[in-house]
Amino acid sequence: MSTVSLPAVAVPVVGPVVGGLIVNDLSWRWLFYVNVPICLAGLILAWRGLPASLAVPAQVKPRLDVIGLALLSPGLAAVLYGLAQVSSHRASAIWP
C-alpha cells in the first residue's frame, strides 16, 4: 500500500520544486523537454510488460464509437455547468 501511495504524497511536494529549479536555471521550454525521456521509458516498459493477449487480433478491426465521441463534449460541458450552478443555489432549496 505504501508503494502505491508514495508517489501521491511525494510528487506534489517534489514536482513544484523541480519545476522551479528547471525554470530558474534553464528555460520554461525545458519543462516540455524533460517529459520526453519519461514518456519514452513508459512506452518501452509498457511494450515489454504488457502481455500479448491484450493486443487486438489482426482480423478484428476496432470500430470508432461515433455516438460516444459526439456526446463526450456536450456531456462534459453539462456536468461542469451543473457542478458550477450547484454552488450558487442554497442548500435548503435542494434539500427541504
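Collect the residues in region 1-54 that are in contact (Cβ under 8 Å) with a residue 12 or more places away in the chain and under 20 Å from the mean Cα position of the chain (by Cα), keeping them in residue-number order.
GLY19, LEU31, VAL34
Looking only at region 43-77, which residues are at pLDDT below 75 and part of a helix (DSSP H, G or I)?
The answer is ALA52, SER53, LEU54.
Is it true that some residue in region 78-86 is at pLDDT 85 or above and not in a helix (DSSP H, G or I)?
No, region 78-86 has no match at all.
The values are calculated or read from the model by the stated rules, or taken from the named source; none is laboratory data. Quantities reported herein were computed from a predicted structural model and do not represent experimental measurements. Don't worry about glycine lacking a Cβ; one is built from the backbone with ideal geometry, like all the others, and counts go over all protein chains shown.
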